[in-house]
Amino acid sequence: MAKIYITTAIPYMNGTPHIGHAMDYCLADVFARYHRLIGNEVRMSAGTDEHGNKIQQKANEAGVPVKEYVDKNVALFKDFIAKLGVEYTDFVRTTDADHERRVQEVWKKLSDHIYKATYAGWYCTGCERYVTDKEYEETHGVCPDHNKPYEKFEEENYYLRISDFKDQIRELIESDKLLILPEFRKKEMLALLEDSPDVSISRPKKELSWGVPVPGDDEHVMYVWMDALSNYITVLGYPENEINEWWPATAEFVGKDILRFHSIIWPAMLLGLGLPMPKALVSHGMVLADGQKMSKSIGNVINPVDVLDRHGVDAFRYYFLRHIDTFDDSDFTWEKYENAYNNELANDLGNLVQRLATMISKNNVKFEKHNIEIEKQYCELMENFEFNKAFDLVWEKVQNINRRIDEEKPWMLAKAGETEKLNECLNSLANELVYVATLLSPFIPQTAEKILNIFDGQVNPPAEPLFPKNR
Ligand code: MSP
């Protein structure tokens, strides 16, 4: 039994959950459930990123104390994660006293690689990062992710000396010891690494008071990325606790927009702390609305709760895990969502369950369950984070059972009184369906459980269709 540690990016608490946030959670949850299914022990972390300028600004706009403002959003996010059927084992808020104390210890341990200097240049509050002159020129001074002009800054900051670690990070990425997925992002990250200056890890307190104080310097607070990235280890109790039972993480799930921080600052921090690299950084694409990035800053957000309420959690998970590309950008449209629900979930799967259970029950067939052995191809796809492909593989099996019913025509066997053949045929089909439900369980756990309960001993067709239409 292996120990598997999975992390999710911690969202900024400057607003309510949006559809894009579901990606990290759903991908991590599928991976976690898969590992539990094959008998591994899993820890999965989630959390909230609560410091920084833009959160302070939003709280000011709302006219409430920052802590009150973030508390409200944290509750909404926790509720959202639960609604997604996502089960984490550990939750960290960057305003937790334990986290704040631990992140200060992290800073102290990195002090050989930290220096103070004055910075003059451009900053994006949306990204919470400084922008190089080259980037400024290439983007004509406007952040492409947030559609906002960069702000001019001149201030004294502490810096993390990335140059101390560049060669090691390059080697780790090139050799896949720090595996970056998808493969095509690896080159991008290597290029960013080459261009990466030392990074600022603090802000003067007079500019930003909402942050973790820099140890030994009352004038500065920590820059959000140093604070936020540490969550993956502070949640395990680092540095007080011995973490190597769980660290390094098996996989860290992040969006492509924040992969750069996880490929440069995070490895530099880990090297400075003498900790091993996560085994894989898995970056997903953006969920788009009409080809445009959905974001709180742009304001074109589809309310995920509407999507969840429309057909329930498994329809949501089905769409996001099968029809939203695991690694690349994909559009969400209501039309595609409705089609997937009606044609695939209701017709392919829902009808199949109803039909097979009805035939077994009507013909008094005794259902005997076989032992299940999960095939290698499915495991390989899951372990390589090819979730769309694994889901397609399972769906082919759903369609194959439907095809077999049409070809083997069990109702003809019933009509001809061929009881033994009928038994054999329905048992074989139902066992295949039980196997399929097992493979579906990481993706659509509630549905899988319903199917497994129906085909367990005495088979009775469900009173309600699994996926009712015309809702
Ligand atoms: N607070 C940082 C993460 C710190 S991790 C140490 C942050 N927060 S965020 O709220 O902007 O984003 C949280 C996660 O949601 C990121 O993985 C990000 O890529 C993801 N997404 C935000 N918008 C998204 C889409 N529209 N589509 C897909 N994922 C998106 O970045």
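The values are calculated or read from the model by the stated rules, or taken from the named source; none is laboratory data. What you see is a predicted model, and the numbers here were worked out from it, not measured in a lab. Ideal geometry is used to build each Cβ from the backbone, glycine not excepted, and the neighbour counts take in all protein chains shown. Please note that ligands, DNA and RNA were not included when accessible areas were found on the heavy atoms of the full protein model with its side chains. Shrake-Rupley method; radii C 1.70, N 1.55, O 1.52, S 1.80 Å.
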- Item | Leading residue by the ranking (farthest from residue 320 (Cα to Cα)) among those in region 14-53 that are hydroxyl-bearing (Ser, Thr, Tyr), open to solvent by less than 20 Å² (accessible area, probe 1.4 Å) and more than 10 Å from the ligand (Cβ to nearest atom) | 45
- Out of region 109-155, which residues are small (Gly, Ala, Ser) and under 15 Å from residue 203 (Cβ atoms)? 117, 120, 121
- Item | Subset tally (residues that are polar (S, T, N, Q) and under 30 Å from residue 415 (Cβ atoms)) for region 362-399 | 3
- Examine region 159-179 for a residue that is polar (S, T, N, Q), under 20 Å from residue 112 (Cα atoms) and either within 16 Å of the ligand (Cβ to nearest atom) or touching a Ser or Thr at 6+ places or on another chain (Cβ under 8 Å) (or both), and state whether such a residue exists. no
- Item | Residue check, residue 11 of a type outside the set (Ser, Thr, Tyr), within 16 Å of the ligand (Cβ to nearest atom) and modelled with pLDDT under 95 | no
- Run down 175, 196, 111 and say which single residue is without any contact (Cβ under 8 Å) to a residue 24 or more places away in the chain and closer than 27 Å to residue 282 by Cβ. 175
- Task: Restricting attention to helices (runs of 4 or more DSSP H) lying wholly within region 243-361, give those where 3 or more residues are within 16 Å of the ligand (Cβ to nearest atom).
- Result: 266-273, 304-311
